[in-house]
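**Q** Got a structure for you, questions after.
The values are calculated or read from the model by the stated rules, or taken from the named source; none is laboratory data. Note that the structure is predicted; figures quoted are calculated from it, not measured. Positions of Cβ are backbone-derived with ideal geometry, glycine not excepted, and every protein chain shown enters the neighbour counts. To get the accessible areas, we keep the full protein, side chains included, count just its heavy atoms, and leave off ligands, DNA and RNA. Shrake-Rupley method; radii C 1.70, N 1.55, O 1.52, S 1.80 Å.
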Amino acid sequence: MRRTLEDTYRHKGLRKKLVEVVKGKGITDETVLETMNAIPRHFFLDSAFDDVAYEDRAFPIGEGQTISQPYTVAYQTQLLELTPGMKVLEIGTGSAYQAVVLAKMGVKLFTIERQKMLFEENKGFAYLKQFPFIKFFYGDGYQGLPTYAPFDRVLITAAAPEIPQKLIEQLKPGGMMVIPVGTGNVQQMMRLTKQADGKMQEELFDNFSFVPMLAGKN
Ligand code: SAH
């Protein structure tokens, strides 16, 4: 991939407008909005997308995968109710844009990608050197990271056909999982909170459209 790692006034201006668009769609968490305003989204895309990187849309990142729409990133991040220092597991690193949003919010991030090519691409992505608190893993997100568990939060950025039980087990009591659930073209955003007795409390949110969460590595 050819990247532009230069953040011009033009990019900054477009980004500010994008954040206003995301806010206009109902995102109220100022920390989330400020964080997205501080991250050059065009760095995460091929330079061919430079002109459109600040549209509120998903774009291809290779291997049939996409960088999530900014509104979706903001929506999932807001639902996570993060506080600095939390241990967070993300499934579906993709472009690493969502990962950087989380890291900038001060959490200790573990992120898993099942597509080798996308995992390798992030190794050579110079901007990520600024985020030593992101730990990148190549593997099957359905397995989670038992060695590093338990987590305060688990974020799934691909469409899950069902709730992955191993990931529920890797949540702390009081911990939350944000996950789009569904098998068709549309999934419903869910937030699951682990009670002290281990039972899960479920909350349902809006519909979104994600690429599928697939088993195994590629
Ligand atoms: N968070 C990403 C979104 C990428 S799209 C971003 O900000 O760009 C979802 C990603 O999830 C894809 O890269 C896909 O390869 C990955 N994925 C799908 N199933 C997975 C699994 N079981 N384990 C890990 N990653 C998975």
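**Q** Would you mind putting 36-47, 5-16 in packing order, based on average other-beta-carbon counts within 10 Å, highest first? Please report the intermediate quantities before stating the final value.
**A** Numbers: 36-47: 19.4, 5-16: 13.2.
The peptides rank, most packed first, as 36-47, 5-16.
**Q** Grab the Cα-Cα distance for T83 and K25, subtract it from 0.36 nm times how many residues apart they are, and report the gain in nm with one decimal.
**A** Between T83 and K25, full extension yields an extra 18.5 nm.
**Q** Another one. Whole-Hz Karplus ³J(HN,Hα) for segment 120-127, in order, using 6.51 cos²θ - 1.76 cosθ + 1.60 and θ = phi - 60°, x for Gly and Pro?
**A** Karplus-based 3J(HN,Hα) across segment 120-127 equals 5, 4, 5, 5, x, 8, 4, 4 Hz.
**Q** Across all directions of projection, what mean area in square nanometres is found for the Cα convex hull of the chain?
**A** Numbers: hull surface 44.0 nm².
Answer in nm², one decimal: 11.0.
**Q** How large, in percent, is the carbon and sulfur part of the accessible surface of segment 9-208 at a probe radius of 1.4 Å?
**A** Roughly 53 percent, rounded to a whole number.
**Q** Now for a separate question. Report the net charge of residues surrounding P84, where surrounding means a beta-carbon distance below 13 angstrom and charges are Lys +1, Arg +1, Asp -1, Glu -1.
**A** Once positives and negatives cancel, what remains is +2.
**Q** Taking 0.36 nm per residue of sequence separation and subtracting the Cα-Cα distance, how much length would be gained by fully extending the chain between T193 and M117, in nm to one decimal? Don't skip to the answer; put the middle values down first.
**A** Numbers: separation 76, 0.36 × 76 = 27.36 nm, distance 3.32 nm.
Extra length from T193 to M117 when fully extended: 24.0 nm.
**Q** Then there's this: Would you mind calculating the relative contact order of the chain from Cα pairs under 8 angstrom and at least 6 residues apart, reporting the percent as a whole number?
**A** 15 percent
**Q** Quick one: if the Förster radius is 22 Å, what FRET efficiency do Y127 and R10 give, using the C-beta to C-beta distance and rounding to 0.05?
**A** The pair Y127/R10 has a calculated efficiency of 0.75.
**Q** Continuing with the same structure: How much net charge surrounds K194 when only the other residues with a Cβ under 12 Å from the Cβ of K194 are counted, with Lys and Arg +1 and Asp and Glu -1?
**A** 0
**Q** Using the Cβ atoms and a cut-off under 14 Å, what net charge is assigned to the surroundings of K123, where Lys and Arg are +1 and Asp and Glu are -1?
**A** Net of charged neighbours comes to +1.
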